[in-house]
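S.K.: Below is the structure I would like to discuss, written out as structure tokens.
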Amino acid sequence: MFLLELHSRDMHAALGRLLDQARVAGLRLTAVSARAVADECRISASIDIDDRDAVDRLARRVGTMFCIGSVEVRRECDAAMQGAAP
């Protein structure tokens, strides 16, 4: 399982692009969350797949949108360990 995190200025456009591209790629999103931090939003999506290449392709397609500042991909277990650190 992978975690994809988008940083964007336009939450609705970025979220729509993510959902659309995940559907087209046939990827199953198990959880999606979005939160605004100052003038930027962070969208996190858990993707139930073991194929890193498929997730990287999704990240590249979503990242080409003008309002996306950055895209991060990491394994879900790595993200859980980062959240557990003091």
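The values are calculated or read from the model by the stated rules, or taken from the named source; none is laboratory data. All values derive from a computational prediction rather than experimental measurement. Accessible surface areas use protein heavy atoms only, side chains included; no ligands, DNA or RNA. Shrake-Rupley method; radii C 1.70, N 1.55, O 1.52, S 1.80 Å.
S.K.: Once neighbouring chains are kept in place and the probe is 1.4 Å, which whole percent of the accessible area of the chain is contributed by carbon and sulfur? Don't skip to the answer; put the middle values down first.
M.R.: Values: 2590 of 5070 Å².
It is 51 percent, rounded to a whole number.
S.K.: In Å², what does the accessible area per residue of the chain work out to with a 1.4 Å probe? Before the final figure, lay out each step's value.
M.R.: Values: 5070 Å² over 86 residues.
Ligands and nucleic acids excluded, the result is 59 Å² per residue.
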